[in-house]
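The values are calculated or read from the model by the stated rules, or taken from the named source; none is laboratory data. Everything quoted here is computed from the prediction, not taken from an experiment. Glycine gets a Cβ as well: all are built from the backbone with ideal geometry, and neighbour counts include every protein chain shown.
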Amino acid sequence: MQPNTHKINMNKIDYAITFACYNQVEYTRQCVDSMIKYGVDLSRLVVVDNGSTDQTRSYLETLPLGGRIFNQANLGCGVAWNQGALALQSEWTIIMNNDVLVSQGWIGNMINAAEQNGLKIISPALIEGPLDYDFDTFAIESSVKMKNALRIGGRHAVCLAVHKSVWLEIGYFQPIPKLLGYEDSMFFHEVDKAGIPIGMTGSSWLHHYGSITQSAMKQERGLAEKDGLGYRYNYRLLQQSWLERKLKKIKRVRQQKLWREQELAQFGMTMHGQRQDGGFSWE
């Protein structure tokens, strides 16, 4: 069965895609292959390499990309995302990880959901973990089942489509290399302060292997997987009191629980699943 929204004319959508990479060429290759499989025009893709030492750069040279930027060192996600977004400007810019697989109709379904619901930032639904299932079939079926499901206020930085008006209102990502993964938290903080409408849609799905680059960077630094990669006091940059952070966390946990309960009751699944022991754990 094909999703209803697959008939969206992609030629009428002004979009660009960018992701940063740091080694892990096989994940980048799988990501790009999945884009090609589902008809993404690679001239709309800008890849920013943050000083890879494997075969990433030679691989990128073989692709008909809209842009490739080779940084001399790992400047972090914030710098790289900004470089990619500015290199190919468009009405909608998709910022994403390289350790993901896309699915049929993912761009059109995502942006259509944003425009129909007045959102300026939108993220797709996710399955995270090992690829030990038929993701292509799963994504087609799930995008039909949950095509009208929406989490107003939901967000994640694995993939987000950002309308150009957002850059004009709050600017881009913080270009501070030492943030090491905290760039998304700071960006979403500014989004919330400005009251920019944001959400997640069940009509578009990605498979996310799960923080592959961050795990590799932890190994390089001799950190355990449970350790944080960024500076432990990055949260101070939000300029919030302990009580403010605590109350926001409580509110966020309650909202996540409500979304989960509602989606499980209506669809028997949710927009965020973890692949574990050959099955799905829904969040």
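Observations on the structure shown:
- Per the conditions (1) surrounded by 14 or more Cβ atoms within 10 Å (Cβ to Cβ); (2) not in a helix (DSSP H, G or I), the sole criterion not satisfied by residue 281 is (1).
- A single member of 192, 277, 184, 227 is more than 30 Å from residue 86 (Cα to Cα) and modelled with pLDDT of 80 or more, and it is 277.
- Scanning region 72-87 for residues that are touching a helix residue (DSSP H, G or I) at 6+ places or on another chain (Cβ under 9 Å) and outside any helix (DSSP H, G or I) gives 73, 74, 75.
- Any pair with Cβ under 8 angstrom, 6 or more apart, that starts in region 50-67 at a residue that is free of Cβ contacts under 8 Å to residues at least 24 places away in the same chain and in a loop (DSSP other than H, G, I, E, B) and ends at one that is β-branched (Val, Ile, Thr) and surrounded by 14 or more Cβ atoms within 10 Å (Cβ to Cβ): 65/46; 65/47
- When 122, 127 are checked against the criterion of being within 23 Å of residue 196 (Cα to Cα) and either in a strand (DSSP E or B) or of a type outside the set (Lys, Arg) (or both), a single residue qualifies: 122.
- From the options 90, 103, residue that is surrounded by 23 or more Cβ atoms within 10 Å (Cβ to Cβ), part of a loop (DSSP other than H, G, I, E, B) and in contact (Cβ under 8 Å) with a residue 40 or more places away in the chain: 103
- So residue 185, is it closer than 20 Å to residue 113 by Cβ, surrounded by fewer than 19 Cβ atoms within 10 Å (Cβ to Cβ) and polar (S, T, N, Q): no
- Flag if residue 145 is charged (D, E, K, R), touching a Phe, Trp or Tyr at 6+ places or on another chain (Cβ under 8 Å) and over 17 Å from residue 274 (Cα atoms): yes
- Residues that are among the hydroxyl-bearing types (Ser, Thr, Tyr) and either in a helix (DSSP H, G or I) or modelled with pLDDT of 75 or more (or both), drawn from region 195-224: 201, 203, 204, 209, 213, 215
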